[in-house]
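Presented below is the structure to which this report refers.
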Amino acid sequence: MDPTARVTMSIDALLARRRALLGGNLSIAYGHPLHIVRGSMQYLWDADGRRYIDAYNNVPHVGHCHPRVVQAGQAQMAVLSTNTRYLHELILSYAERLGATLPGALKVCYFVNSGSEANELALRLARAHTGRRDLIVLEHAYHGNTTTLIDISPYKHEGQGGGGSPAWVHVAPLPDLYRGAWRRADVGAGSQYAAHVARIIDGLRASGTGLCGFLAESWPSVGGQMSLPADYVQAVYQMVRAAGGVCIADEVQTGYGRLGEHFWGFEAYGVVPDIVVLGKPIGNGHPIGAVVTTPEIASSFDNGMEFFSTFGGNTVSCAIGIAVLETVHAENLQAHAREVGRHLLGRLHELKRRHALIGEVRGAGLFLGVELVTDRQSLAPATRAAAAIANHMRDLGVLLGTDGPFHNVIKIRPPLPFTVQDADALVEALDTALAASATA
Ligand SMILES: Cc1ncc(COP(=O)(O)O)c(C=O)c1O
């Protein structure tokens with residue numbers, strides 16, 4: 001059946017059905033919701049046939065419905081879809097290829113079905129290896145939707161409906177060099193933020209509790225499309241290991257070449273984690289999550305209790321996962337992200353010179369953030385303007401979202417086939433939306 005042939009209902013009717021049938025706390029993007037029925041590479045089409053530039057969705061990493069990925073999934077689905085209880089070449093080939101992208105001893109793979117499952121599993125590995133539970137995470141972080149992951153996600157448990165951090169979760173300040181306690185102009189800002197982590201570790205040592213590990217996104221995304229100071233990450237990794245803990249890098253948002261200069265976010269800081277957590281882009285829309293770790297940690301986890309995920313590592317997922325990785329390499333998407341990202345960043349800096357609403361432009365490759373403020377001195381977040389601009393951009397045919405603790409950071413994370421022409425169209429639309437917002 002042609003998927004577009006099912007389109008018969010109005011937006012209002014679809015919304016009413018959705019409200020009746022689905023949980024009320026599922027959010028929907030934009031004041032005028034979109035009814036998207038088709039995608040190809042960096043474009044989406046609505047039910048009226050209007051095309052949108054997708055600068056929002058990082059899950060279709062190599063492009064919506066990329067033919068190579070679709071073909072790999074269809075072909076394998078027609079032959080065999082089964083689980084890890086049988087020998088099969090595909091899972092081995094996938095693990096080998098994934099391991100080849102990672103440094104050092106990061107070679108042992110576990111496959112699951114989402115970023116949440118992968119973070120859950122990473123916690124189990126860390127606990128099995130250290131025999132401890134206390135974890136350090138970053139302010140505003142989000143790591144997934146399960147009960148335990150809400151506990152380690154301040155973005156959720158500190159917000160509406162949240163119950164705060166449990167005693168075993170220690171929240172360190174996000175080293176935000178734009179609006180945090182120490183900023184770009186402050187000498188030793190990275191060390192100041194690291195000193196806070198040192199104090200948490202000292203407290204755990206003094207109480208006799210000990211540390212299980214440090215879990216953080218290499219480039220905090222929900223926190224507002226940030227990078228971290230390299231000296232901070234290096235110092236924290238060193239302190240965590242000295243305290244017997246493990247370093248877990250959540251690369252669910254930033255891995256696989258999106259950053260342009262680096263295939264993995266942590267590479268920007270010259271560190272190597274003990275456990276790497278993968279999700280979103282690695283399946284290009286097919287639900288794949290993965291955890292990659294060292295033989296030593298894997299051996300601690302191999303403690304007699306079987307690990308099994310019914311769908312994790314199934315043959316179809318592995319065929320798709322391999323096709324995604326091959327496409328990233330075959331189409332030079334990392335270098336493409338670097339070049340297009342550089343162009344876009346330059347054009348966004350030009351916009352910043354003309355629009356007082358832009359406080360900061362940041363990011364790398366096709367992981368960019370535009371932080372909006374009502375006043376460049378006080379840095380008061382322009383939250384309302386950010387929402388209005390995202391809605392205006394949607395009307396102009398470019399899909400973007402907002403992020404950050406104040407929802408005032410325009411996030412730009414398109415599928416990697418996004419071109420210089422798409423970037424120019426985005427900038428022109430953003431110019432229009434910023435100008436309209438200034439006069440509103
Ligand atoms: C950094 C990070 N980690 C983990 C997750 C959870 O992934 P999933 O929604 O696939 O369970 C997300 C989802 O947004 C995320 O942004």
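Derivation of every value follows stated rules applied to the coordinates shown; laboratory data play no part. This is a predicted model, so every value here is computed, not measured. Methodologically, a virtual Cβ is constructed for each residue, glycine included, from the backbone with ideal geometry; neighbour enumeration extends over all protein chains shown.
With θ set to phi - 60°, apply the Karplus curve 6.51 cos²θ - 1.76 cosθ + 1.60 along the stretch 323-334 and write out the HN-Hα couplings as whole Hz, x wherever there is a Gly or Pro.
3J(HN,Hα) across the stretch 323-334, in whole Hz: 4, 5, 4, 4, 5, 4, 6, 4, 9, 6, 6, 5.
Shape call for the stretch 283-339 from the C-alpha gyration tensor, a ≥ b ≥ c root eigenvalues: rounded (a/c under 1.5), prolate (a/b greater than b/c) or oblate?
Because a/c hits 1.5 or more and a/b fails to exceed b/c, the stretch 283-339 counts as oblate.
Stretch Asp48-Phe308 to full length: gain in nm at 0.36 nm per residue minus the Cα-Cα span?
Contour length minus Cα-Cα distance gives 89.2 nm.
Where does the chain land on the Kirkwood hydrodynamic radius, alpha-carbon pairs, in angstrom?
Kirkwood hydrodynamic radius for the chain: 22.7 Å.
Hey, could you pull the Cα Rg and Dmax for the stretch 302-440, both in Å?
Taking only Cα atoms of the stretch 302-440, I get Rg and Dmax of 19.2, 65 Å.
So what's the stretch 20-152 giving for Cα Rg divided by 2.2 N^0.38 Å, two decimals?
1.38
In terms of Cα to Cα distance under 25 Å, which lysines are near enough to Lys107, apart from those fewer than 8 places away along the same chain?
Lys280
Grab the Cα-Cα distance for Leu21 and Glu331, subtract it from 0.36 nm times how many residues apart they are, and report the gain in nm with one decimal.
Full extension from Leu21 to Glu331 adds 107.5 nm.
Counting chymotrypsin sites (Phe, Trp or Tyr not before Pro) as exposed when in a DSSP loop with at most 11 other beta carbons within 10 Å, what is the longest stretch of the chain free of them?
87-307
Hey, what did the stretch 67-330 get for relative contact order, percent, Cα under 8 Å, at least 6 apart?
Computed value for the stretch 67-330: 31 percent relative contact order.
Tell me, what is the FRET efficiency for Thr432 and Glu89 to the nearest 0.05, using R0 = 60 angstrom and their Cβ-Cβ distance as r?
The value I calculate is 0.70.
Please give me the summed charge of the neighbours of Gly255: other residues whose Cβ is under 12 Å from its Cβ, Lys and Arg +1, Asp and Glu -1.
My count for the surroundings of Gly255 gives -2.
So if I place +1 on the C-beta of Lys and Arg and -1 on the C-beta of Asp and Glu, and nothing else carries charge, what would the dipole magnitude of the chain be about its Cα centre? I want it in debye, nearest 20.
Magnitude of the dipole: close to 480 debye.
Taking every DSSP beta bridge that has both residues in the chain, what percent is antiparallel when rounded to the nearest 5?
65 percent
When only alpha-carbon atoms are used, what values of Rg and Dmax, in angstrom, describe the stretch 67-330?
In Å, with Rg to one decimal and Dmax whole: 18.5, 60.
Given Cβ point charges of +1 (Lys, Arg) and -1 (Asp, Glu) and nothing else, what value in debye, to the nearest 20, does the dipole of the stretch 67-330 about its Cα centre take?
140 debye
Could you give the length gained on full extension between Glu158 and Arg376, defined as 0.36 nm per residue of separation minus the Cα-Cα distance, in nm?
75.8 nm
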